Structures are given as structure tokens and as C-alpha cells.
Amino acid sequence: MGYMRNASGIFYTLGVLLGVSYIGMNTLHHSSVGLDWVSNAHLRFQSSLHILSIAKMASLCLDKYGFEECSADRFIFNGYEGGYDLDTDSEGQYWADIYIEGKNLRTSQILRTRAKILLRSEGVNAGS
């Protein structure tokens, strides 16, 4: 009967250790998911700022050099890659198809953002 008492103590201790391990792993998992979410949100915010910068560069290039010289360009911004392609529609409006991509250094996930922005409408700069 003494052996049963020792065996139940071992099983009880093993159960408590497994419970503590499970709680610890869940806590780490939830905190890492939260960090992933925050780092991806930061990447999306930075990408939106880079989209605005690329749109401004495309607009300035179009104003200074014209459509033929500035039909496309590519950029590298401190770990982000981006660029634009200019297009015109049947109404004579100039559109910039802009993309930016960045790598989340925490998860190695690549996040891409695309936008189509009106640069100039019928010879007048849309940003003015």
C-alpha cells in the first residue's frame, strides 16, 4: 500500500508540472502573437507613408520631365522596396500604380501594399 501512495504523489506532481508548462506555453504563444500583430501594424503604417512619398516623387517627375521620362521607377527605402508605373486613361488623367513591400524581421513575412493614385487630371496637378 505504501507503493500506491508514492505512485499517486508522482502522478500528482507530474500533473501539476504539465499544467504549469501548458500555462507557460500558452502565455508565450499569446504574447508572441501580440508582438507579430504590432510589428505587422507598424509595417503597414510605414508602407502607407512610403506610398505617399512615392506618389509625390512620381508627381514631381511627371511635372518636370513628362510622361515618357517618368513612366516607371523603382526605389529602395531602408529595407523597403517600392516603385510606380504611370498610366493614362481615355480622359487624359495620369494615374500612378504604386507598390511597396517590406519584410517583417520578426516573422520573415513579406507584406505588400498597392495603391492606384490620381496624379494629374486634364493638365492640372490633382494634389494642388
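The values are calculated or read from the model by the stated rules, or taken from the named source; none is laboratory data. Values in this document were obtained by computation on a predicted structure and should not be read as measured data. Backbone-built Cβ (ideal geometry, glycine too); neighbour counts: all protein chains shown. Each accessible area value is taken on the protein alone, full model and side chains, heavy atoms only, with ligands, DNA and RNA left out. Shrake-Rupley method; radii C 1.70, N 1.55, O 1.52, S 1.80 Å.
Of all accessible surface on region 25-128 at a 1.4 Å probe, what whole percent is carbon and sulfur? Carbon and sulfur atoms account for 55 percent of the accessible area of region 25-128.
What are the lysines whose alpha-carbon lies under 17 Å from the alpha-carbon of K64, with same-chain residues fewer than 8 places away excluded? Result set, ordered by chain and number: K56.
Surface exposure of region 23-128, expressed per residue as accessible area with a 1.4 Å probe, stands at 66 Å². Amide H contacts under 5 Å for Q109: N104, restricted to partners 5 or more places along the chain or on a different chain, H placed in the peptide plane at 1.01 Å from N. Axis of helix 2-65 versus longest Cα principal axis of the chain: the two differ by about 10°, to the nearest ten degrees. Shown in residue order for region 86-100 are the 3J(HN,Hα) couplings computed by the Karplus curve 6.51 cos²θ - 1.76 cosθ + 1.60 at θ = phi - 60°: 8, 8, 10, 10, 5, 8, x, 8, 9, 10, 10, 8, 10, 9, 8 Hz (x for Gly and Pro). When the chymotrypsin sites (Phe, Trp or Tyr not before Pro) in region 60-103 are filtered for DSSP coil states and for at most 15 other beta-carbon atoms within 10 Å of their beta-carbon, the remaining sites are F67. This structure gives semi-axes √(5λ) of the Cα gyration tensor in Å, computed directly, and of [x] 33, 13, 11; [y] 27, 15, 12; [z] 59, 11, 10 that value is listed as [z].
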